[in-house]
Amino acid sequence: MTAPDAHREPTTTLAPTAGPTTAGRPADNRFKILDATIKRHRRQPDALLEVLHTAQELFGYLDRETLTYVGRALRVPPSRVYGVATFYNFFSLKPKGAHSCVVCLGTACYVKGADRILAAVQQAYHVPPHGTTPDGQLSLATARCIGACGLAPAAVFDGDIAGRMTPAAAVARIAPWMPHDQ
Amino acid sequence: MTSDDLDTVRARERAAFAAAPCRLAVCTAAGCLSSGAGAVRDALERTAADGADSPGLRIIGTGCLGLCHAGPLLRVFRAGAPDVTYAHATPDLAAAVVRQLPDGRLPDERQLPAMHPFFAHQHPVVLENAGRIDCERIEDYVAAGGYAALQQAMTEMKPDDVIREVVASGLRGRGGAGYPTGLKWSTVAKARGAGKFVVCNADEGDPGAFMDRSVLEGDPHRVIEGMAIAGFAVGAEQGYIYVRGEYPLAVSRLRVAIRQAERMDLLGQRILDTPFSFRIDVRIGAGAFVCGEETALIASIEGKRGAPRPRPPYPASFGLWGRPTLINNVETYANIPPIIRSGGAAYARLGTERSKGTKVFALAGAIVNTGLIEVPMGTSLRQIIFDIGGGIPDGRSFKAAQTGGPSGGCIPASHLDLPVDYEALAGIGSIMGSGGLIVMDDRSCMVDVARFFMEFCRDESCGKCIPCRAGTVQMHTLLMRMTTGVAAERDLTLLEQLADMVTRTSLCGLGQTAANPVVSTLRHFRDEYMAHILEHRCPAGVCRMPRAPERAS
Ligand SMILES: Cc1cc2nc3c(=O)[nH]c(=O)nc-3n(C[C@H](O)[C@H](O)[C@H](O)COP(=O)(O)O)c2cc1C
Ligand code: FES
């Protein structure tokens, strides 16, 4: 298993200042990519979701400045940008941890006892569902089915789907990400 | 590229195909990949390259072979010999297969029996290419007869002829409601106004369902072809596929497929050198169940909050950006190429009186063979669960099958012989839904199942209309009272009244069907509710009732 630190800039996830209105700072490539996406959609207001998807991929989450920036670029009022960003579960307005664990709570996984996996991870690492550990190492989330129902119960660790999970296996899979005194 | 050029490509690919007497197909759907299919494929390729004595050997990454729980699956096709399928394939096994191929003696370990009942009872139409083609090569799809239906429509048929075939096929929408597809197409075709749209609903929000994901991952060109034919039939030049954000692999395979089709003039300007142009763009959902509802989906493509609106006007007359819009499900489009190729009448010979063709189901839960299956409409639940699915594991007994997800219901053992079609399922208080079929054994508590689905609907209600927004919260609270052992009989009365009210007064399908799991479990498992309420006891032993009043025992 490889930790994705290699391609993750250290400031991506935790520095709240990484907003796009940081004029005068050394040019951040990520804004260029965001601008390219906006331009590709010809600044159409309809492209709001696409642009927010890109922004979240680039910055890890959507902070206030990013939302304002996107709104201006697409000529969409802040109320609508905020309304869309909060309507969809995918968009996160808070920074996420360095690693992520998503436990599926869909029907197939529920029938196979997914709640015990969630409880075990929560307990082992003191992290609430949809929360992040205080040291910023782990974000825990739940999903409504990731389409791996044939392998239920399933979970996703840093983007990799793992089927036939057990509470112990989930806890073990996260252990290498965490400081050793846990 | 013209239609004749495409014929040339097809002939060339078929010749190459015939010259390769052996194919090794690894399932590279998301399920098998997570079980290690990538390493199996690497081992196949490495060993084949080392040996260099395996002419005519082709290694392909293919779409879902169906038996997900036994992944990674590896299937060997040899000219003149029956296919062999390996379950739980490992890199070592893969290497052994390649090395032993020249002598024709394949390893015995992990082979599935030749006529494994899981495969023997199926009838693939939508999934006909699973295992046979490489999901990232358009040439494979073309060689297997792909895009022949589009060619035929463009060169030999008028839009009306296409619609006539779809009507004759009796195909009904596979997204859940079962609306006749031919009727929908002719309504959009007749709608006045330029700039019509064709939309593919790949939101697959029903938890426990992964049919659409498998089709998009394994055979994306089939959906593209279906949409292009639809565009031709209704007079649209632009299509959108709205895919769930949870399906990154499906999105990337789809994007690859669209680029390939554009390069071969099967999408884009002047398709196959005819006056018809059709583009497809992919839109990615952002994790909202309600966006599977067609008017909410339209709002989402327009970059807005995914809130539904009252119908009429239906999208067929007033859809995306106010234009006439055809919306169909992934599996609906995937049925179109075979219908055009062999004719609507041939398709209509499969299935029952009012439900034609086949249906893909995703089997999950307490069942031995979890995975993806396709059977003719009218197949009984018993055949699906016991013959194909292999029955219930761990020596437990069947309790209920859940179909239709949060809008559906639970079917008890007494209805196992029911032929599965739209009317039969509706008749016993469930729905066909999109094809998720979750089996529950005696360890599932039906009251808790109802609570589970109500929690889902409560969380996913968009909040626009009050019956759904407030009603789901109240029903969930009542169900929580039951599962924690503090409910009284009047809570049940209240629950039934609320269920009726929310069903009748909600704005969209989400609220109108949110009470279905409650109503159907009450209908078939009322005694379990009564045990929770009167005796503060959970017969299945699922609900913990720490706050329950002392029980005299
Ligand atoms: C709450 C709700 C969720 C839905 N989710 C889906 C879905 O995930 N996929 C889908 O194809 N249809 C879904 N539908 C049905 C669509 O509104 C629409 O009927 C369907 O896409 C039409 O395609 P069809 O005629 O090919 O079935 C949903 C409906 C409701 C009310
Ligand atoms: S229900 Fe968990 S993957 Fe589908």
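Annotations for the structure displayed:
- B:Ser300 part of a helix (DSSP H, G or I) and polar (S, T, N, Q): yes
- Residue count for region B:453-468, restricted to those that are among the charged types (D, E, K, R) and in contact (Cβ under 8 Å) with a residue 24 or more places away in the chain: 2.
- Where B:Leu510 falls short, out of the listed (1) among the aliphatic types (A, V, I, L, M); (2) out of contact with any Cys (no Cβ under 7 Å at 6 or more places or on another chain); (3) within 13 Å of B:Phe453 (Cβ to Cβ): (2)
- Of all residues in region B:196-247, those satisfying the criterion of being within 12 Å of ligand 1 (Cβ to nearest atom) and either farther than 26 Å from B:Cys32 by Cα or away from chain A (no Cβ under 12 Å) (or both) are B:Val198, B:Val199, B:Cys200, B:Asn201, B:Val223, B:Gly226, B:Met227, B:Ala230, B:Ile241.
- Residue tally, condition closer than 24 Å to B:Glu217 by Cα, among the β-branched types (Val, Ile, Thr) and in a helix (DSSP H, G or I), over region B:1-40: 2
- There is no residue in region B:415-438 that is buried (at least 22 other Cβ atoms within 10 Å of the Cβ), assigned to a helix (DSSP H, G or I) and within 14 Å of chain A (Cβ to nearest Cβ).
- Residue check, B:Gly182 under 14 Å from B:Ile340 (Cα atoms), within 22 Å of the chain's Cα centre (by Cα) and surrounded by 20 or more Cβ atoms within 10 Å (Cβ to Cβ): yes
- Count of region B:472-499 residues which are of a type in the set (Asp, Glu) and over 23 Å from B:Glu460 (Cβ atoms): 2
- Annotation note: of B:Glu109, B:Glu139, the sole residue that is out of contact with any Leu (no Cβ under 8 Å at 6 or more places or on another chain) and not aliphatic (A, V, I, L, M) is B:Glu139.
- If the condition is being at the interface with chain A (Cβ under 10 Å from one of its Cβ atoms), under 15 Å from B:Val198 (Cα atoms) and surrounded by fewer than 21 Cβ atoms within 10 Å (Cβ to Cβ), then region B:300-317 contributes only B:Glu302.
- Out of B:Ser506, B:Ser520, one residue alone is free of Cβ contacts under 8 Å to residues at least 60 places away in the same chain and outside the structural domain of B:Gly427 (by TED's automatic domain parsing). It is B:Ser506.
- Note on region B:234-282: residues that are assigned to a helix (DSSP H, G or I), among the charged types (D, E, K, R) and crowded, with 19+ Cβ neighbours inside 10 Å total 1.
- Of the residues making up region A:126-160, those that are within 16 Å of ligand 1 (Cβ to nearest atom) and out of contact with any strand residue (DSSP E or B) (no Cβ under 7 Å at 6 or more places or on another chain) are A:Arg144, A:Gly147.
- Of the residues making up region B:481-517, those that are buried (at least 21 other Cβ atoms within 10 Å of the Cβ) and within 16 Å of ligand 1 (Cβ to nearest atom) are B:Val502, B:Ser506, B:Leu507, B:Cys508, B:Leu510, B:Gly511, B:Thr513, B:Ala514, B:Ala515, B:Asn516, B:Pro517.
- Scanning region A:40-55 for residues that are open to solvent by 20 Å² or more (accessible area, probe 1.4 Å) and facing chain B (nearest Cβ under 9 Å) yields A:Gln44, A:Pro45, A:Asp46, A:Glu50, A:His53.
- Candidates B:Arg99, B:Arg75, B:Arg58, filtered to the one that is open to solvent by 20 Å² or more (accessible area, probe 1.4 Å), charged (D, E, K, R) and closer than 30 Å to B:Gly208 by Cβ: B:Arg75
- Among the residues listed as B:Arg78, B:Arg58, B:Arg10, B:Arg14, the single one being at pLDDT 95 or above and more than 14 Å from chain A (Cβ to nearest Cβ): B:Arg10
- Residue check, B:Phe210 in contact with a helix residue (DSSP H, G or I) (Cβ under 6 Å, 6 or more places away or on another chain), of a type outside the set (Lys, Arg) and modelled with pLDDT of 95 or more: no
- Yes/no for A:Ala143 being under 23 Å from B:Gly245 (Cβ atoms), within 14 Å of chain B (Cβ to nearest Cβ), among the hydrophobic types (A, V, I, L, M, F, W, C) and buried (at least 22 other Cβ atoms within 10 Å of the Cβ): no
- Residue within region A:72-89 that is within 16 Å of ligand 1 (Cβ to nearest atom), without any contact (Cβ under 8 Å) to a residue 12 or more places away in the chain and over 19 Å from A:Leu52 (Cβ atoms) present: no
- Region A:92-182 holds helices (runs of 4 or more DSSP H) entirely within its bounds, and those carrying 1 or more residues that are among the charged types (D, E, K, R), more than 9 Å from ligand 2 (Cβ to nearest atom) and more than 27 Å from B:Cys445 (Cβ to Cβ) map to A:167-174.
The values are calculated or read from the model by the stated rules, or taken from the named source; none is laboratory data. Fair warning: this is a prediction, and the values are worked out from it, not measured in the lab. Here the Cβ is made from the backbone with ideal geometry for all residues, glycine too, and neighbour counts use every protein chain on show. Just the protein is used for accessible areas: all its heavy atoms, side chains included, with ligands, DNA and RNA removed. Shrake-Rupley method; radii C 1.70, N 1.55, O 1.52, S 1.80 Å.
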